[in-house]
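Take a look at the structure set out below.
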Amino acid sequence: MEPLIFERSIPGRRGYVPPPNDVPPSDPSAFIPPDQLRATAATWPEVAEVDVIRHYTRLSQLNYSIDTHFYPLGSCTMKHNPRVNERVAALPGFSWLHPLQPAAHTQGILQLLHELEQLLCAITGMAAFTLQPAAGAQGELTGLKIMAAYHRRQQRHRSTILIPDSAHGTNPASAALSGFSVVQLPSGPDGLIDVRELKARLTGDVAGLMLTNPNTLGLFERDIKTIAALLHEQEALVYMDGANMNALLGVARPGDMGIDILQLNLHKTFSTPHGGGGPGAGPVGVTSTLADLLPLPRVRQRGKSLVWQEEGTASVGRVHGFYGNVGVLVRAYTYIRSLGRDGLSRASRVAIINANYLKTKLQEICPVPYDRACLHEFVATMKAVRAHGVNAWDVAKRLLDYGCYAPTVYFPLIVEEALMIEPTETESKETLDQFAQALGQIIAEVRSDPEMVRHAPHRLPVNRLDDVKAAREPNLRWRPGRSPNWATAGQR
Ligand SMILES: *Cc1c(COP(=O)(O)O)cnc(C)c1O
């Protein structure tokens, strides 16, 4: 176990020794109110530079990462980020920019952002994009604000949003935050939107439908055109959660399916790294009717130059400081330009083949309840292990012992003991075979030694965490002689 950096401290040991101070000391209370001054000096670890480097390098190696391990819920958690993206984002012309530099000095990045918007339009078939939102969820919120502003402009009172029961939790949350009430749509027996159920709920109060395509079961909404036409007949809009675009690049365009508004998750589909909560990017695309409602500022062409459009009476307003997470946007742009039209289309096709290969390979050990040819992901059920007192959670934790990151479990809610699997396009057949073998061994262990599986993981620096306690009573402080929660959490 790696000790805390404080435990490595040796009084007097130094990393850096600055030259002696030749500025006369002054009284800090002349600048800082006395009640805000600390009474005793902070205790810092006293360590050499080499101690710091080794400590943090070792800590970084205790973590799972996409650079060291297979992630069975690929693009959603993290997919491989080609290193050319990092090379481009690190170019001084991008990395040294200041957001307050005037447009005349920043034509290069404005060109990139403008082109990225156009590339996203070409990929999705939408008419215009904003790159501001910092995540998928913020994109949803922005999109629903646009939907609300549209109905207001049409002087229509619409207060409900229809959302399928297979939706990601952020969908109803975004609808509620935008002031809508949510009506749940039960999925049909095939796991798709049931058109009859939709018709029964399509009242004059519906502002729009919020769907995910392919849906969270990895299934394409076959009736999407009929569904969109039904909504449009009622003068309601169709919002598409585009988090699953990994299946559609160069294959199908939401704009051609009758979608009015969608968000993309650049940190999923377009491979930009996202860990520990960010940063991400959730650009929102709309039809031409809705373009003037997009957040401001927007990058516009004026003569030969690009400028920021700051004014616009219809816009829903600003949703992020400056212009979003620009470093992420540079990476996504590089990803798109380096793969090109054919490369993107191949990426989606290979992602689909990989998912279907693994689904077929796993058929014997983990059945898939909505079992049809899937797109980029599928959802298996671990119901069978319950007879041994084990659940999907335990199986996912045991996968960590086999060198696989734990996939998402218990989502979508319509599959019992759900295990969600998305191998992505960059994983080889050998990696997929190893994963299938690991899962097979775990199922055998469930029968021979369920107690062991129930307490997994066993081979990691820490074993099963008490995640409820960690969330409810986070203890992030270290005091001499007291270990933080995570070291003592032990087995459940
Ligand atoms: C990941 C995801 C979201 C939320 O996106 P964030 O970028 O994490 O905010 C919404 N819907 C679906 C289907 C997702 O997979």
In Å², rounded to a whole number, the accessible area per residue of the chain with probe 1.4 Å is 50
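Work out, in µm²/s and without decimals, the Stokes-Einstein translational diffusion coefficient of the stretch 84-338 at 37 °C, 0.692 mPa s, Rh from Kirkwood over C-alpha pairs. Spell out each step's value before the answer.
Values: Rh = 18.6 Å.
It comes out at roughly 177 µm²/s.
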Determine the equivalent ellipsoid of the stretch 56-212 by diagonalising the alpha-carbon gyration tensor, then write out the semi-axes as square roots of 5 times the eigenvalues, largest first, rounded to whole Å. 37, 25, 14
Computed accessible area, residue 429, all protein chains, 1.4 angstrom probe, square angstrom: 120
In debye to the nearest 20, the charge dipole size for the stretch 84-338, taken about the Cα centre with +1 at each Lys and Arg Cβ and -1 at each Asp and Glu Cβ, equals 560
Rounded to the nearest 10 Å², the accessible area of residue 217 at probe 1.4 Å: 10
As an exercise, take the mean of 1/r over every pair of distinct alpha carbons in the chain, invert it, and state the Kirkwood radius in angstroms. 25.3
Plugging the Kirkwood radius over Cα pairs into Stokes-Einstein for the stretch 91-131, at a temperature of 37 °C and a viscosity of 0.692 mPa s, what D comes out in µm²/s? 289
Unit Cα scatterers, Debye sum, the stretch 340-492: log10 I(q)/I(0) for q = 0.09, 0.17, 0.20 Å⁻¹: -0.36, -1.00, -1.22
Ignoring ligands, DNA and RNA, what percent of the accessible area of the chain is carbon or sulfur (1.4 Å)? 54
Residues other than residue 312 with Cβ under 9 Å of its Cβ, Lys/Arg counted +1 and Asp/Glu -1, net out at -2
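I'd like the trypsin sites (Lys or Arg not before Pro) in the stretch 28-74 restricted to DSSP loop residues with at most 15 other Cβ atoms within 10 Å, sorted by number.
The qualifying sites are 38.
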Overall Cα dimensions of the stretch 5-62 - principal axes, largest extent first, Å: 45, 28, 19
In whole Hz, with x marking every Gly and Pro, tabulate ³J(HN,Hα) for the stretch 453-463 from phi via Karplus 6.51 cos²θ - 1.76 cosθ + 1.60, θ = phi - 60°. 5, 5, 10, 5, x, 10, 9, 9, x, 10, 8
Which lysines have a Cα less than 26 Å from the Cα of residue 359, not counting those fewer than 8 places away in the same chain? 79, 268, 383, 397, 429
Which value, in Å³ per residue, describes the convex hull spanned by the Cα atoms of the stretch 56-106? 141
Solvent exposure, largest accessible area first (probe 1.4 Å, DNA, RNA and ligands not counted), of 372, 477, 398, 337: 477, 337, 372, 398
For residue 160, what accessible area in Å² do you get when you roll a 1.4 Å probe over the heavy atoms of the protein chains, rounding to the nearest 10? 20
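The values are calculated or read from the model by the stated rules, or taken from the named source; none is laboratory data. The structure presented is a predicted model; accordingly, all values stated were derived computationally and were not measured. Positions of Cβ are backbone-derived with ideal geometry, glycine not excepted, and every protein chain shown enters the neighbour counts. All accessible areas refer to the heavy atoms of the entire protein, side chains included, with ligands and DNA or RNA removed. Shrake-Rupley method; radii C 1.70, N 1.55, O 1.52, S 1.80 Å.
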